[in-house]
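Here is the structure we will look at.
The values are calculated or read from the model by the stated rules, or taken from the named source; none is laboratory data. Remember, predicted model here, so these are calculated numbers, not experimental data. Backbone-built Cβ (ideal geometry, glycine too); neighbour counts: all protein chains shown.
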Amino acid sequence: MAPEMDESSFHVLFVYGPPASGKHTIGSLLSPILNIPLFHNHLVVDAAQALFDFGTPEFIALRATLWRESFAAAAAARQSFIFTFNPEATVAYALLEEMLAPIHAASGQVHFVELQCDDKTISERLSEPGRAMFGKLSDKQLYASLKAAGSFDFPSLPAPMISIDTAGHAPIESAQLIALAFRNRITSESPDA
C-alpha cells in the first residue's frame, strides 16, 4: 500500500550506492510500491553517452545539464520521484547541490537511501547479463582498476533515511524496507501525527 501523501508535498527518494548494488532493480520494485516514477541515473548517462565518451568534458557537461533540468522540471511540477545515483569522481558534489536546490525551493523533501554492498558480491553481480545489455559497468577487472584509481571516491552524502546492505537482502525485501522507512518518515513529519 502506498503511503498517503499530502497533495501539496512532494518527495525525492535519492537512492545511491556503488555499481551493482541494486539501485535500478530496487528502484524498479519500489516505484509501484510507492506509486511514484523511477528516474534511473542511466536514463541521462545513456543519453549523454550516445554523443560523447563517458568522462569527457562534453559528456560531463551534458549529463549535468540534463540532471539539473530534470530536477528543476520535477520541482516545478511538484512531481515526486525516485532517483538512483552512483557516487563517482566525474560528478562534482556542487552539481548535487544544484540539482536539489529547486526541490528545496519548492518545499520538496529529499530522502537519501544508501545501498551498501561488499566487493565480492559486486564482483559477482557485475557479470550478470542484464548489466552489459544496458551499458552498465560489467567488467570485473575494470571495476577493480577504477576503484583502485579512486574513480568511486566521493564526498559523504547527507545522512540516509535508511542504509541497506543489499548483499544480505533480496531486492524486494530492500524495496519494502525503504518503503516502510519512507512511510514512517512522512507519517512522523505529518502535522496530524
Quiz item: If you scan the stretch 47-67, which residues turn out to be exposed (fewer than 15 other Cβ atoms within 10 Å of the Cβ) and either within 15 Å of the chain's Cα centre (by Cα) or not acidic (Asp, Glu) (or both)?
Solution: Ala47, Ala50, Leu51, Phe54, Gly55, Thr56, Pro57, Ala61, Thr65
Self-check item: Failed criterion for Ala73 (all others in (1) modelled with pLDDT of 95 or more; (2) crowded, with 17+ Cβ neighbours inside 10 Å hold)
Solution: (2)
Quiz item: Among the numbered criteria (1) out of contact with any Phe, Trp or Tyr (no Cβ under 7 Å at 6 or more places or on another chain); (2) at pLDDT 95 or above; (3) under 24 Å from Pro32 (Cβ atoms), which single criterion is violated by Cys117?
Solution: (2)
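So that you can scan it fast, the table gives a plain yes or no per residue for (1) under 27 Å from Ser9 (Cβ atoms); (2) of a type in the set (A, V, I, L, M); (3) exposed (fewer than 12 other Cβ atoms within 10 Å of the Cβ):
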position	(1), (2), (3)
Glu128	no, no, no
Ser138	no, no, no
Leu142	no, yes, no
Ser145	no, no, yes
Phe154	no, no, no
Thr166	no, no, no
His169	no, no, no
Phe182	yes, no, no
